[in-house]
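Structure, as structure tokens:
The values are calculated or read from the model by the stated rules, or taken from the named source; none is laboratory data. Owing to the predicted nature of the structure, the values given are computational and were not obtained by experimental measurement. Positions of Cβ are backbone-derived with ideal geometry, glycine not excepted, and every protein chain shown enters the neighbour counts.
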């Protein structure tokens, strides 16, 4: 264990989960170069290769698969030890101020809140619903302790963990010709006017949408930009165009629109929890652990 730190384990486990250095770095909130450096350093200190990597793919070696299992057990055991120690020291009470996007309500948040409240019944939870942009400002000013948002483009001073990932759906007006089709592809939207998103400080998904539109032979003709997914849906309901939005909107039906899955797009709409690296709130780490556990439970129960 000489020279191996928890940071090495956390970075390794994220790459092992994603099997993609760029995506893992994005979720961790660091650039790819230092992530690769940390993995090489870990391999040197253990003395074996943990990943087979080339220009097209990243795979765990047999040694890497063994280490992934053992490293996850170590990280989990450490987290549990910290939680139990804090409880023994009387740190199970206090206030945890949570910021969240609307999409979190339809994914991991309810299960995490339930599990956390059972372990910390004396803790008071203060919920705030905000966009990614707003939550970054609230974290900076210490008005919230933890945020559930899109991955920030710049994560200086923040710790982040991926907690959920989902795909996309097309949203079309319910009186349109597109609504009469049971299934849609990105190419079917080629000649439509698009409602899109404004630029945010978090990692958006418009680049992913644009990439797949280009692969389908066109660039979206964007006529309006809004800051929230429900804003996209509302303008589509008004008959102004179509949109491609995260699948969580299926949980919020809106009159005047239809949703159609777009399975050709990847499940790359990512939700992370984030908190200040210098947080002094002892409830932050236990709650982040429950969010990660809720993600695992949701994944194991997903049959698709």
Legend entry - Identity of the residue in the range 143-160, part of a loop (DSSP other than H, G, I, E, B) and at pLDDT below 90, that ends up surrounded by the most Cβ atoms within 10 Å (Cβ to Cβ): 150
Legend entry - Within the range 161-183, considering residues that are over 18 Å from residue 295 (Cα atoms) and part of a strand (DSSP E or B), the one nearest to the chain's Cα centre (by Cα): 168
Inset, instruction - For the range 190-223, enumerate the residues that are buried (at least 18 other Cβ atoms within 10 Å of the Cβ) and part of a strand (DSSP E or B). - result: 194, 195, 196, 197, 202
Inset, instruction - Scan the range 234-254 and give yes if some residue there is surrounded by fewer than 14 Cβ atoms within 10 Å (Cβ to Cβ), touching a strand residue (DSSP E or B) at 6+ places or on another chain (Cβ under 6 Å) and either within 30 Å of residue 76 (Cβ to Cβ) or not assigned by TED's automatic domain parsing to the domain that holds residue 187 (or both), otherwise no. - result: no
Legend entry - Residue in the range 1-16 that is nearest to residue 78 (Cα to Cα), counting only those that are in contact (Cβ under 8 Å) with a residue 24 or more places away in the chain and surrounded by fewer than 17 Cβ atoms within 10 Å (Cβ to Cβ): 6
Inset, instruction - Tell me, yes or no, whether the range 185-195 has at least one residue that is closer than 16 Å to residue 229 by Cα and in contact with a strand residue (DSSP E or B) (Cβ under 9 Å, 6 or more places away or on another chain). - result: yes
